[in-house]
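Notes follow the structure.
No lab work stands behind these numbers, since they all come straight from the coordinates. Everything quoted here is computed from the prediction, not taken from an experiment. We place every Cβ from the backbone using ideal geometry, glycine too, and count neighbours over all the protein chains shown.
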Amino acid sequence: MVSKKAKPKSKKRISAKKLCSRVIVREGVKKDGTLKKGYRYIKGGRVVKAKAKK
């Protein structure tokens, strides 16, 4: 009888989206996901620097 090698335990995989979101930091967004002061969302979910109204 031949003994089988035990499979090494695999590490928990991280999705590409989660991995990239840790590396790529969007300007105007804090680490907790809230907007910094002076930034706002526009149509499509982009973050832009807010301009003062005249």
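List of remarks:
- At R0 = 35 Å, FRET efficiency that the Cβ-Cβ distance of ARG40 and LEU19 yields, to 0.05: 0.80
- Burial ranking of peptide ranges 5-18, 38-51 (average Cβ count within 10 Å, highest at the top): 38-51, 5-18
- Given their separation in residues at 0.36 nm each and the Cα-Cα distance between them, LYS31 and LYS5 gain 5.0 nm when the chain is fully extended.
- Relative pair counts by distance (%), Cα atoms of the chain, 10 Å bins: 18, 30, 19, 11, 9, 7, 4, 1, 0
- Residue separation of VAL48 and LYS12 scaled by 0.36 nm, minus their Cα-Cα distance, works out to 9.4 nm of gained length.
- Restraint check, LYS31/LYS51; LYS18/LYS51; LYS31/LYS54; LYS12/LYS49; LYS7/LYS31, Cα-Cα greater than 26 Å: LYS18/LYS51; LYS31/LYS54; LYS12/LYS49; LYS7/LYS31
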